[in-house]
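Every read-out reported here was derived from the displayed coordinates using simple, explicitly stated rules and does not represent laboratory data. Computed from a predicted structure; not experimentally measured. Backbone-built Cβ (ideal geometry, glycine too); neighbour counts: all protein chains shown.
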Amino acid sequence: MQKNIIRFMEQLLELGYDCSIETSGDLDCAQVPSEVAKIIDVKTPDSGEPDAFCLKNLHFLDDPTTEFKFVICSEKDFDWALDFAAKHHMYQNAQILFSPCHEQISTEWLAKKILNSGQKIRLQIQLHKVIWPTTTKGI
């Protein structure tokens, strides 16, 4: 979505910087340089954008520098995310993150659900929502 972001990342890498990008997951990340760590959102049903995920991004499943993030807004989202990950064989190689949707579900609830699932899923907190809870831009 950022017109010159690919070239910008290439320049950062050329200068010796580590580089990462977090995406909404709706665009194919194939042009992102392989050295760039990627966090790719998979939109859950309660996100309001359940069909926004670009399935082409699943070709990063075996990339150890790529993480797939699901923001969980409800029990329905949790079950949907578990099913999505199983359907696309994500548990075998992918790094999977589940984040509690701020002020919709508790971190403790989600942590218990993840532990009880028995799956290889990491809990991630939306830190910007904790640091700046009353703003939408974080500034």
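Structure values in brief
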| item | result |
| --- | --- |
| Between 0 and 90°, nearest 10: helix 107-117 axis offset from the chain longest Cα axis | 90 |
| Ranking of 122, 7 by count of other Cβ atoms within 10 Å, fewest first | 7, 122 |
| Degrees between helix 75-87 axis and first principal axis of the chain (Cα, 0 to 90, nearest 10) | 50 |
| Check: the chain dipole with +1 on Lys, Arg Cβ and -1 on Asp, Glu Cβ, in debye | 200 |
| Spatially proximal lysines relative to residue 129 (Cα-Cα < 28 Å; intrachain offsets below 8 disregarded) | 3, 38, 43, 69, 76, 112, 113, 120, 137 |
| Degrees, to the nearest 10: 5-14 long Cα axis against longest axis of the chain | 70 |
| Karplus-derived 3J(HN,Hα), 6.51/-1.76/1.60, for each residue of segment 21-29, Hz, glycine and proline x | 9, 10, 10, 7, x, 8, 10, 5, 8 |
| Candidates 21, 114, 39: whichever shows maximal mean-square fluctuation once the chain is modelled as a Gaussian network with Cα springs under 10 Å | 21 |
| Efficiency of FRET between residue 11 and residue 116 - r from beta-carbon atoms, R0 41 angstrom, step 0.05 | 0.35 |
| Selected from 115, 20, 66, residue furthest toward positive end of dipole (the chain; charges at beta carbon) | 115 |
| Cα-based equivalent ellipsoid of the chain: semi-axis lengths in Å, sorted from largest, via gyration tensor | 26, 19, 14 |
| Value of D in µm² per second that Stokes-Einstein yields for segment 68-139, Kirkwood Rh from Cα pairs, at 25 °C (0.890 mPa s) | 192 |
